[in-house]
1. For segment 132-149, state whether one or more residues are over 23 Å from PRO105 (Cβ atoms) and more than 19 Å from the chain's Cα centre (by Cα).
2. Please go through segment 159-203 and give me each residue that is surrounded by 14 or more Cβ atoms within 10 Å (Cβ to Cβ), closer than 30 Å to GLU92 by Cα and out of contact with any Pro (no Cβ under 8 Å at 6 or more places or on another chain), ordered by number.
3. Are any residues in segment 43-95 farther than 30 Å from ARG107 by Cβ and buried (at least 19 other Cβ atoms within 10 Å of the Cβ), and if so, which ones?
4. State the number of residues belonging to segment 106-143 that are free of Cβ contacts under 8 Å to residues at least 60 places away in the same chain and closer than 23 Å to MET57 by Cβ.
5. Taking strands (runs of 3 or more DSSP E) that fall entirely within segment 95-152, which contain at least 1 residues that are within 23 Å of GLN3 (Cα to Cα)?
6. Would you pick out the residues in segment 2-35 that are modelled with pLDDT of 95 or more and of a type in the set (A, V, I, L, M)?
7. If GLY144 passes every condition in (1) of a type outside the set (Ser, Thr, Tyr); (2) modelled with pLDDT under 95; (3) surrounded by fewer than 19 Cβ atoms within 10 Å (Cβ to Cβ); (4) touching a Phe, Trp or Tyr at 6+ places or on another chain (Cβ under 8 Å) but one, which one does it miss?
8. Identify, by number, the condition in (1) modelled with pLDDT of 95 or more; (2) in contact with a Leu (Cβ under 7 Å, 6 or more places away or on another chain) that HIS189 doesn't meet.
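The values are calculated or read from the model by the stated rules, or taken from the named source; none is laboratory data. In this text the structure is predicted, and so the values were computed from the model without any measurement. We place every Cβ from the backbone using ideal geometry, glycine too, and count neighbours over all the protein chains shown.
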Amino acid sequence: MSQYYNLTLKNNSATPWTFYIYQQAPEQPGNEVFSLVWLASPFHMKPDTQINFSWTMDYGFVCGTCESLRPGATFSASDQASGDLNLNNAIELVNWKNKPSLNNPVRGNHPGALTISSHSNVPDKSVAVGMSLSGSATFITATGPNLAHVFTPTPIYWIAAGTEVQAGTVLDISAVKQNAKVVFPTNCHSLSYSLGPDNQWTQQT
């Protein structure tokens, strides 16, 4: 069974916030990769309340239309497939009956990374592809015919507090405030953080 990771976030500030987690998108030469709100509280967290996020290190592929791929927009996957970083780490995107679809994953040439290759019938810049973690999309980028995108994930997370966000929101990470970097130490699978009255995050012991 996959190992679960747990992250508890508590609001000790004076303001209701939506708490969320995201990852910084890996760079791809010639392609703009967007980070998404990966996990988010389903409501504003009132002062003195907390929420626990839980996930596994199960990776996958996602695709969907991207008529408006910009910060503030919301991405919703129209198709997704499970994968892993070694055996089922490559997949082909096709345009099936005018709908972006993913074929079955296979073993690719980039161990430790996920590769998505677009068929020649995929229209240019109208489809987004990306990777998921524990069933939720983390990164996306626009694609086109005969293109390949390689995503190399890293187990580094960022926690943040915001207002107009939800799972799938496209982020401009340079503009994200009230955030903090989270790295799980070796053999540690549970961490807790608190947003204080100064709107800064501190780790709880």
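1. In the first step, residues of segment 132-149 are kept if they are over 23 Å from PRO105 (Cβ atoms); the result is none.
No.
2. ALA167, GLY168, THR169, ILE173, listed by residue number.
3. The first filter runs over segment 43-95 and keeps only residues farther than 30 Å from ARG107 by Cβ, leaving 43-53, 67-68, 70-74.
Correct list: MET45, PHE53.
4. Of the residues in that region, 11 qualify.
5. Values: elements: 99-102, 114-118, 127-133, 136-143, 148-151.
Fully inside segment 95-152 and qualifying: 114-118, 127-133, 136-143, 148-151.
6. Within segment 2-35, LEU7, LEU9, ALA14, ILE21 meet the criteria.
7. Every listed condition holds for GLY144 apart from (4).
8. If we test HIS189 against (1) modelled with pLDDT of 95 or more; (2) in contact with a Leu (Cβ under 7 Å, 6 or more places away or on another chain), just (2) comes out false.
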